[in-house]
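Just below is one structure, and these are the notes that go with it.
The values are calculated or read from the model by the stated rules, or taken from the named source; none is laboratory data. A quick note: this is a predicted structure, and the numbers were derived from the prediction, not measured. All Cβ positions, glycine included, derive from the backbone under ideal geometry; neighbour counts span all protein chains shown. These accessible areas exclude ligands, DNA and RNA; they are computed on the full protein's heavy atoms, side chains included. Shrake-Rupley method; radii C 1.70, N 1.55, O 1.52, S 1.80 Å.
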Amino acid sequence: MASSLKQALGGNLRQYGIMGALALVIILFTITTGGKLLSPANVSSLIGQNAYVLIMALGMIMVIIAGHIDLSAGSVVAFVGGICGWVMYSTNWDWPWWAGVLLALALGTLIGAWHGFWIAYVRIPAFIVTLAGMLMFRGLAIVVAGFTMAPFDDEFVAIASKGSANIFPTIPFDGGQLGVIFQAVKSIDVFTLLVGVLAILALVWTQFRNRASQVKHGIEPEPLGFTVGKIVVIAFCIAFATVLLSMSAVGTPFVLVIIAVLVLVYSFVLNRTVFGRHVYAIGGNLNAAILSGINTARTNFMIFVHMGFLEAVAAIVVVSRANAANATAGQSYELDVIAACFIGGTAVTGGIGRVSGAMVGAVFMGVLNQGQSIMGVPSAWQQVVKGLVLLAAVAFDLLSKRRTKLVALAGVAERSQ
Amino acid sequence: MNETPILEMLDITKEFPGVIALQDVTFKVYRGEIHGICGENGAGKSTLMKVLSGIHPYGSYSGTVTYDGELCQFHNLRDSESRGIVIIHQELALSPFLSIAENIFLGNEQAKFGVINWSDVEEKAIALLKRVGLRQEHPQTKIMDIGVGKQQLVEIAKALAKRVDLLILDEPTASLNDEESEHLLSILRELRDQGITIIIISHKLGEILEVADNITVIRDGTVIETVNVKEDQVDEPRLIRGMVGREMSSRFPTHTPNVGGEELFRIEDWTVYHQLDTTRKVVDGASLYVNRGEIVGIAGLMGSGRTEMAMSVFGETYGVDISGKVFRNGVEVQTKTVEQAIKNGIAYVTEDRKAYGLNLIQTVRENMTISALHKVTHNGVVDSNEEKVESQRLKVELNVKTPNLDVALKTLSGGNQQKVSLAKWVFTDPEVLILDEPTRGIDVGAKYEIYEIINRLADDGKGVIVISSELPELIGVCDRIYTLSEGHITGCVPKAEATQENLMTLMTLETKE
């Protein structure tokens with residue numbers, strides 16, 4: 001039992017390390033902020049403020065696993081946001097909000113295809129192509145959005161500022177009786193609680209269905225105790241977040257719904273589809289991938305198309321949240337996103353990385369920001385801390401690898417890496 | 001030979017978590033001898049050398065190492081090098097873009113106050129190159145512009161540039177052809193005569209017997225025997241017996257050739273130009289065929305165009321201006337992309353599994369299925385459980401030794417990695433398998449298993465093409481052998497008539513019009 005537990009954990013030790021570090025940081029800031037970090041309003045704004053990182057990290061992780069990088073993310077957000085804002089704001093166009101959203105998504109996808117074309121078919125390194133994109137799209141953003149366009153329709157603004165509590169009935173509840181942190185709580189959102197319960201049920205169902213399927217195929221499943229333990233821990237986290245969110249003014253933010261759907265979709269894409277497998281194969285050994293009959297050009301092209309699409313989603317969320325479009329939006333966003341991926345255990349050399357890791361990395365950065373802001377740490381120092389954390393995370397990654405490398409040196413295989 | 005041991009390793013025991021790599025190994029090397037070490041992969045040869053050179057630091061093993069009469073407590077490579085012990089690994093540690101001279105003095109720069117004296121460097125480099133038989137090479141030539149054989153010699157020159165009394169070579173001839181190997185061995189003899197003690201690890205038993213004075217055979221982490229080549233009249237069967245612990249009546253499994261099957265695969269008038277030097281033909285008008293159930297060999301020296309021919313047929317992954325025709329069951333087919341080649345039943349197992357064959361950081365399972373993922377896929381979604389079942393089946397079928405299918409491939413031994421490489425292509429249900437150096441760098445036992453797999457594939461009605469630089473292997477395994485010289489097919493010899501001599505004659509035939 002002990003050895004099989006070790007085996008089940010073994011491959012994901014790095015993953016669990018990051019999660020442990022996240023838990024530690026949350027506890028730390030909960031103490032230093034006197035619990036304010038976990039007040040319903042702060043949890044809700046944590047999600048809203050870091051939505052762009054969570055969304056774009058889903059694309060960036062594919063980009064990095066395949067051995068590329070995207071430096072243009074911030075500029076693309078500004079440009080797509082600018083166009084989206086322009087068509088809704090300009091009296092000549094005056095498009096409805098949904099048309100603006102669709103245009104933004106189409107434009108982002110097109111920009112992704114533009115990058116993908118140069119990278120996959122002309123074979124210019126992604127670093128160069130997206131560096132060019134970073135300059136070009138920032139310039140174009142200034143052309144279309146040199147001045148601030150605001151405000152926008154309520155429906156559009158609702159994307160980033162409203163949630164389930166604004167649609168579904170809520171139960172009145174005086175949070176003051178729970179303590180000073182919950183003073184602002186006036187009601188509990190039923191919908192959020194319902195979603196939480198459903199999520200836990202879905203978790204239990206998928207875990208046990210997978211076990212059943214393994215048994216059917218004659219594969220020995222992981223120890224039952226491990227599955228149960230996993231379910232208990234994850235269910236606790238879901239329940240905890242659900243309860244806090246249900247007490248926030250907006251309930252489940254619409255942005256969170258968007259993120260949840262995207263996370264499910266892209267986890268599935270990376271873990272279960274042929275495309276996802278090809279992404280890992282390209283990053284792990286490009287030559288072997290070519291000689292295995294993988295259409296590497298098409299795969300690389302599609303990776304950047306996905307990235308462009310996700311940049312557009314982020315642009316919409318950013319403009320909606322600010323209720324304004326401006327060319328200066330999205331400054332250095334790409335660095336936040338790249339940092340989230342690396343903190344989440346994505347290998348600098350490509351070939352290794354998980355969606356869950358990138359998400360944890362993004363939340364980690366978000367908690368750092370939020371916690372320090374509540375504590376009143378000046379933003380200059382916040383950047384210093386973020387930089388150090390990134391360095392520490394990657395150093396930890398490399399140091400832990402080096403330890404295994406000494407043993408593996410016994411097989412000379414390792415030397416050629 | 002001097003009768004005091006320069007090196008004495010006593011009762012060395014080295015454990016890794018879960019495995020005992022070495023158990024009470026006692027090993028002596030005398031001054032001025034060439035000492036061979038034989039053993040299967042995983043027997044503990046490399047571990048022993050790592051203990052000696054300090055890669056496994058003092059304290060991580062038990063037992064004592066005495067060198068030159070002094071007890072050694074090496075903590076890293078620097079410690080052992082300072083005592084004159086230099087180890088040269090199978091994968092060379094040279095920087096391709098730097099010159100020969102720069103590489104020779106890499107990490108040992110001839111400098112005063114950090115400023116390099118280049119004329120001094122060049123003079124010393126020329127002297128060192130002379131010692132290793134490379135007098136015609138210019139020290140300014142870049143490493144990437146000389147062949148692997150010469151690179152190996154530069155490595156030795158690099159060792160000689162330091163103070164070296166004991167030189168350890170790990171599989172020095174693994175990627176050399178016969179001629180280059182012969183040259184290397186003669187250089188080793190010269191160095192021995194100059195008083196340098198040499199330890200050589202090799203899979204090539206013939207070579208070891210030729211060059212070594214004494215041979216130590218290691219199996220499962222223990223020393224089986226140390227023999228004196230001349231006095232004990234050692235031969236290959238005796239070494240193999242010691243290495244595998246059983247009588248190997250034959251290095252090759254018996255196989256009844258399938259002759260007279262219908263034609264399965266044919267290439268006609270195949271011509272390929274070099275991908276960098278585009279005016280040079282690397283394959284020139286080559287034609288060959290394989291029948292159903294037949295094992296066909298391709299013999300050729302390095303640079304004869306054997307790998308280039310195979311890779312250009314397999315999705316034009318090598319070369320430019322490729323012309324010629326490929327037929328499958330008598331019908332012409334296109335093989336311009338790897339996808340097309342796979343679809344037309346061709347599989348190519350590369351000679352360099354680490355660089356071109358496998359994704360070492362991914363799992364065994366993912367490597368096995370990557371070329372035919374569609375077989376376990378429904379609507380673009382991989383059915384992971386179906387995938388597990390299929391890879392489990394392949395694991396059993398090819399006898400891949402791995403704790404489970406979800407470990408990273410790099411944790412497996414070379415022989416087992418090669419089996420995964422084969423499994424990956426067996427999974428594509430090919431009709432023709434082109435195996436490029438299928439037993440390179442793997443031990444005797446695993447080789448035997450690979451041969452058995454080849455036979456089984458042929459018996460299943462597939463056509464197998466084996467490319468190898470080891471002629472005994474081709475003669476032992478193939479039903480028919482083509483010879484390739486300078487891009488031309490110079491002959492086709494049936495098994496019964498094949499000898500190393502007549503193959504070598506055909507392989508070295510001058511073909512210039």
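Hey, for a label at residue A:98 modelled as a point 7 Å past Cα toward Cβ, could you say which residues of the stretch A:149-172 have their backbone N under 16 Å away?
From the stretch A:149-172, the list is A:153-159.
Please state the shape class of chain A: rounded when a/c is under 1.5, otherwise prolate if a/b exceeds b/c and oblate if not, all from the C-alpha gyration tensor.
Here chain A falls in the oblate category.
Could you please report the charge total around residue B:497, scoring K, R as +1 and D, E as -1 over all other residues with beta-carbon less than 14 angstrom from its beta-carbon?
Counting the neighbours of residue B:497, the net charge comes to 0.
Please find the FRET efficiency linking residue A:235 to residue B:389, where r is the Cβ-Cβ separation and R0 is fixed at 25 Å, and quote it to the nearest 0.05.
Working from the Cβ atoms, E equals 0.25.
Projected onto the charge dipole of chain A (+1 at Lys/Arg Cβ, -1 at Asp/Glu Cβ, origin at the Cα centre), which of A:83, A:149, A:126 gives the Cα projection farthest towards the positive end?
A:126
Go ahead and run the numbers for FRET between residue A:226 and residue A:399, Cβ-Cβ distance against an R0 of 25 Å, rounding to 0.05.
Computed FRET efficiency for residue A:226 and residue A:399 comes out at 0.35.
Give me the net charge of residue B:84's neighbourhood, meaning all other residues with Cβ under 13 Å from the Cβ of residue B:84; Lys, Arg count +1, Asp, Glu -1.
Neighbour charge sum, excluding residue B:84 itself: 0.
Put a dot 7 Å past each Cα toward the Cβ at residue A:155 and residue B:68; how far apart are the dots in nm?
For residue B:68 paired with residue A:155, the spin-label model returns 8.6 nm.
Taking residue B:28 as the anchor, which aspartates and glutamates have their alpha carbon closer than 13 Å to its alpha carbon, excluding any fewer than eight residues away along the same chain?
The reachable aspartates and glutamates, counting only those whose Cα sits under 13 Å from residue B:28, are B:3, B:8, B:11, B:68, B:213, B:225.
Leaving out ligands and nucleic acids, and using a 1.4 Å probe, what accessible area per residue does chain A come to in Å²?
Per-residue accessible area for chain A comes out at 46 Å².
Just list whichever of B:50/B:401; B:401/B:447; B:395/B:447 have alpha carbons separated by over 22 Å in the model shown.
From B:50/B:401; B:401/B:447; B:395/B:447, over 22 Å: B:50/B:401.
Answer with one residue from B:482, B:468, B:496: the one whose Cα lies farthest towards the positive end of the charge dipole of the stretch B:372-513, charges on Cβ with Lys, Arg +1 and Asp, Glu -1.
B:468
Quick one: net charge around residue A:97, please, counting Lys, Arg +1 and Asp, Glu -1 for every other residue with C-beta under 12 Å from its C-beta.
Net charge in that neighbourhood comes out at -4.
To the nearest 0.05, what FRET efficiency results for residue A:381 and residue A:171 with a Förster distance of 56 Å applied to their C-beta separation?
Rounded to the nearest 0.05, the efficiency is 0.85.
Any chance you could run the full-extension gain for residue B:278 through residue B:126? It's 0.36 nm times the residue separation minus the Cα-Cα distance, nm to one decimal.
My answer for the length gained is 51.4 nm.
Just name one of A:357, B:340, A:327: the one whose Cα is farthest towards the positive end of the charge dipole of the protein assembly as shown (beta-carbon charges, Lys/Arg +1, Asp/Glu -1).
Positive-end residue among those listed: A:327.
Run the accessible area of the stretch A:12-70 with a 1.4 Å probe and give the carbon-and-sulfur part as a rounded percent.
Percent of accessible area from carbon and sulfur atoms in the stretch A:12-70: 75.
Using a basic spin-label model with each label point 7 Å from the Cα along Cα→Cβ, how many nm lie between residue B:378 and residue B:11?
6.3
About its Cα centre, what dipole magnitude does chain B give when the only charges are +1 on Lys and Arg Cβ and -1 on Asp and Glu Cβ, stated in debye to the nearest 20?
That gives a dipole near 800 debye.
Can you pull the one-decimal nm distance between simple spin-label points at residue B:144 and residue A:328, each 7 Å off the Cα toward Cβ?
4.6
Using the Cα centre of the protein assembly as shown as the reference point, and only Cβ charges (+1 on K/R, -1 on D/E), how large is the resulting charge dipole? Debye, rounded to the nearest 20.
That gives the protein assembly as shown a dipole magnitude of about 2940 debye.
Is the shape of the stretch A:272-404 best called rounded, prolate or oblate, per the rule: a/c under 1.5 gives rounded, else a/b larger than b/c gives prolate, else oblate, with a ≥ b ≥ c the square roots of the Cα gyration tensor eigenvalues?
Oblate.
What's the longest bit of chain B with no exposed chymotrypsin sites (Phe, Trp or Tyr not before Pro), using DSSP loop states and at most 16 other Cβ atoms within 10 Å as the test?
B:114-513
Show that you can apply the helix-only estimate: for the protein assembly as shown, add -39,500 (n - 2.57) for every DSSP H stretch of four or more residues, divide by all residues, and state [θ] at 222 nm to the nearest 500.
After summing the helix terms and dividing by residue count, I get -15500 deg cm²/dmol.
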